[in-house]
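One structure is given below, encoded as structure tokens.
A short reminder: the numbers here are calculations on the coordinates, not readings from a lab. Small disclaimer: the values here were computed from a predicted structure and weren't measured. All Cβ positions, glycine included, derive from the backbone under ideal geometry; neighbour counts span all protein chains shown.
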Amino acid sequence: MPFDDSDWSEDDDPPVRPLTREEAQALFARHPSLSIWQLIAAQAALGVLVALVWGALSHGPNAAVSALYGGAVAVVPNVLMARGVLGRAGRSVGGLLFWEVLKLGLTGAMLVLAPVWIKPLNWLAMLVTLVLCLKVFGVVLLVQRRREKRSS
């Protein structure tokens, strides 16, 4: 069956008009944005909280230290990438790609070096904390979207 493009015309788009200052301010008030630093701070706070829980449940420092390291594996590469992307060199597609590759490399290196730096390493505590910290971005965006729907 051939594609029918007869309903598509360039004249159907509504005209675009610029927002006034008041309209733009109202739009920003309805849809507040979070800075990347707030998201990274939430990641770090969750990492510390989960490490405290691991320490309390395991009755020893090994799980807590491993969990803190898991949080660091999530936070440190994100700090590096945010700093790089928000700088002058990262404001291009190539810059973004460079910082993303650097972030992934640092994450991999930190995971490979974990058993060298943390002895004895509690893999479960480290990986659970890492996964929870990585999920912070998605949860924060989901909560923000639900707030926007309720306020609309």
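Here are the numbers for this structure:
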quantity	calculated
Theoretical ellipticity at 222 nm over the chain - DSSP helices of four or more residues, -39500 (n - 2.57) apiece, nearest 500	-25000 deg cm²/dmol
The chain: DSSP helices with Cα axial extent of at least 30 Å and average Kyte-Doolittle hydropathy no lower than -0.5	36-58, 61-86, 93-117
DSSP loop chymotrypsin sites (Phe, Trp or Tyr not before Pro) with at most 12 other Cβ within 10 Å excluded, longest remaining stretch of the chain	9-152
Straight-distance crosslink candidates among lysines, where the alpha carbon sits under 28 Å from LYS149 and sequence neighbours closer than 8 are dropped	LYS135
For the chain, the Rg and Dmax computed from alpha carbons only, in angstrom	22.1, 71
Candidate lysines for bridging to LYS119, where Cα separation is under 26 Å - those fewer than 8 sequence places away on the same chain excluded	LYS103
Per-pair calculated FRET efficiency, R0 = 35 Å: VAL143 and VAL16 via Cβ, rounded to 0.05	0.65
Within the chain, longest stretch clear of exposed trypsin sites (Lys or Arg not before Pro) (DSSP loop, no more than 16 other Cβ within 10 Å)	1-90
Among LEU49, LEU57, LEU132, residue whose mean-square fluctuation peaks in a GNM of the chain (springs only between Cα atoms under 10 Å)	LEU57
Residues whose placed amide H lies under 5 Å from that of LYS135, excluding near-sequence neighbours	none
